[in-house]
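The next block holds one structure in the form of structure tokens; read it before the comments.
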Amino acid sequence: VSTMMKFNEYEQFLLYGVTGSRKTEIYLQLIGQALKQNKTAIVLVPEISLTPQMVDRFLARFGENSVAVLHSKLSIGERFDEWQKITKGEKKIVIGARSAIFAPVKNLGIIIIDEEHDISYKSDSTARYNAKDLAKYIAQNHHCPLILGSATPDICTYYQSTEDKIRRFYL
């Protein structure tokens with residue numbers, strides 16, 4: 001994956017591992033590699049799993065000055081402040097629910113979708129979109145890897161991994 005980032009190549013990967021299989025640690029290592037290459041990262045998590053524990057792990061590893069957290073519980077002002085810091089390049093890592101895929105990151109090195117099977121990545125309100133589909137499109141256009149993590153992958157994702165359209169790694 002780090003080679004893909006280094007040479008600006010797109011590919012999808014399924015990180016298939018049960019809860020407690022250290023998927024988050026792998027995400028952290030991959031993001032660390034992106035930062036070493038002066039690139040940025042987007043990490044999507046289902047709203048329900050945007051827990052302080054996960055955010056705390058990212059903050060502990062990369063520091064408060066590098067991580068932007070975007071989710072619906074932020075006030076409009078807080079969202080605006082985070083958005084501005086991302087736009088200015090002050091925040092290199094964006095963690096959030098599905099709308100975080102729209103973050104104005106520059107020099108994108110990797111997109112990670114945790115619990116990729118979760119239906120919350122599909123928006124039913126106006127405007128309707130699927131954050132997974134957008135992530136794929138954005139990763140292709142930025143020539144960066146897309147990591148799909150899950151203990152119970154979406155059936156379409158799993159099927160694509162059996163057809164070698166997505167590279168699968170078991171943990």
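The values are calculated or read from the model by the stated rules, or taken from the named source; none is laboratory data. Owing to the predicted nature of the structure, the values given are computational and were not obtained by experimental measurement. Every residue, glycine among them, receives a Cβ derived from its backbone with ideal geometry; neighbour counts consider all protein chains shown. Areas reflect the complete protein model, heavy atoms only, side chains present, ligands, DNA and RNA absent. Shrake-Rupley method; radii C 1.70, N 1.55, O 1.52, S 1.80 Å.
When +1 charges are put on Lys and Arg Cβ atoms and -1 charges on Asp and Glu Cβ atoms, the dipole computed for the chain relative to its Cα centre reaches about 440 debye. The accessible area of residue 5, taken with all protein chains in place and a 1.4 Å probe, comes to roughly 0 Å².
If the elastic network links every pair of Cα atoms under 10 Å, which of 150, 120, 72 fluctuates the most in the Gaussian network model of the chain? The residue that fluctuates most here is 72.
Expressed as a whole percentage, what fraction of the accessible surface of region 60-171 belongs to carbon and sulfur atoms when a 1.4 Å probe is rolled over the protein heavy atoms?
Percent of accessible area from carbon and sulfur atoms in region 60-171: 52.
Using a cutoff of 8 angstrom between alpha carbon atoms and counting only pairs six or more residues apart, the relative contact order for the chain works out to 38 percent.
Computed over region 76-133, the alpha-carbon pair-distance distribution with 5 angstrom bins reads 4, 17, 27, 21, 20, 11, 1, each value a whole percent. Helical content of the chain, expressed as a calculated mean residue ellipticity at 222 nm, amounts to -11000 deg cm²/dmol (DSSP H runs of 4 or more residues, -39,500 (n - 2.57) each, divided by residue number, nearest 500). Projecting the Cα atoms of 26, 44, 66 onto the dipole axis of region 7-84, where Lys and Arg carry +1 and Asp and Glu carry -1 at the beta carbon, places 26 farthest toward the positive end. Averaging 1/r over every pair of different alpha carbons in region 33-171 and inverting the result gives a Kirkwood radius of 15.5 Å. Its Kirkwood hydrodynamic radius, worked out from the mean inverse distance over all distinct Cα pairs, puts region 1-49 at 12.2 Å.
Of all the options 33, 84, 12, the one that moves most in a Gaussian network model of the chain with Cα springs shorter than 10 angstrom is 84.
Summarising the amide proton neighbourhood of residue 12: residues at separation of 5 or more, or on other chains, whose placed amide H is nearer than 5 Å comprise 146, 167. Per residue, the accessible area of the chain comes to 54 Å² when a 1.4 Å probe rolls over the protein heavy atoms. Summing charges over all other residues whose Cβ lies under 11 Å from the Cβ of residue 63, with Lys and Arg as +1 and Asp and Glu as -1, gives +2.
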